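Single-structure report; data block below.
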Amino acid sequence: MSEWDSIGVARFPAASDEYAAYVPRIAKALFENRSVSDISAMLVGIETESMGLTGNPERAMRAAESLLKARRPLR
């Protein structure tokens, strides 16, 4: 939520699970070694298709890069 808070709820503790439904899909992409571009596109797709937002490719790219960096120590 600190990097990909598409609807701006990170400051509300009650909304800590707001994006939980997307975690399995994103985790699967990470474990499949999908590229930063693929993960970024997935995040933008979630923003536009699932959330009905305009989408923010720059924010999605930053989040995808952070996710991939976090994944590396798990390997």
Would you tell me the accessible area of M51, worked out with a 1.4 angstrom probe on the heavy atoms of the protein chains, in Å² to the nearest 10?
50
Ranking I26, I7, I39 from most to least accessible area with a 1.4 Å probe gives I7, I26, I39
Distances over 18 Å make up what percent of all Cα-Cα pairs in the chain?
37
Candidates per chymotrypsin sites (Phe, Trp or Tyr not before Pro) in the stretch 1-60, loop by DSSP, up to 11 other Cβ within 10 Å:
none
For S2 and T48, FRET efficiency with R0 = 35 Å and r from the beta-carbon atoms, rounded to 0.05?
0.95
Farthest towards the positive end of the dipole of the stretch 17-75, among I39, G55, A20 and with Cβ unit charges of +1 on Lys and Arg and -1 on Asp and Glu, lies the Cα of I39
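Heavy atoms only, probe 1.4 angstrom, no DNA, RNA or ligands counted: give me V23, V9, V36 ranked by accessible area, highest first.
Sorted descending by solvent-accessible area, the residues read V23, V36, V9.
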Note to self, the chain gives a 222 nm [θ] from helices alone (DSSP H runs n ≥ 4, -39500 (n - 2.57) apiece, / all residues, nearest 500) of -14000 deg cm²/dmol
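If you take the beta carbon distance between S35 and A10 as r and set R0 to 22 Å, what does 1/(1 + (r/R0)^6) give as a FRET efficiency, to the nearest 0.05?
For R0 = 22 Å, the calculated efficiency reads 0.25.
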Give me the Kirkwood hydrodynamic radius of the stretch 36-75 in Å, from all C-alpha pairs, to one decimal place?
10.3
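The values are calculated or read from the model by the stated rules, or taken from the named source; none is laboratory data. As the structure is a computational prediction, the values presented were derived from the model and not from experiment. Cβ atoms come from the backbone with ideal geometry, glycine included; neighbour counts cover every protein chain shown. Accessible surface areas use protein heavy atoms only, side chains included; no ligands, DNA or RNA. Shrake-Rupley method; radii C 1.70, N 1.55, O 1.52, S 1.80 Å.
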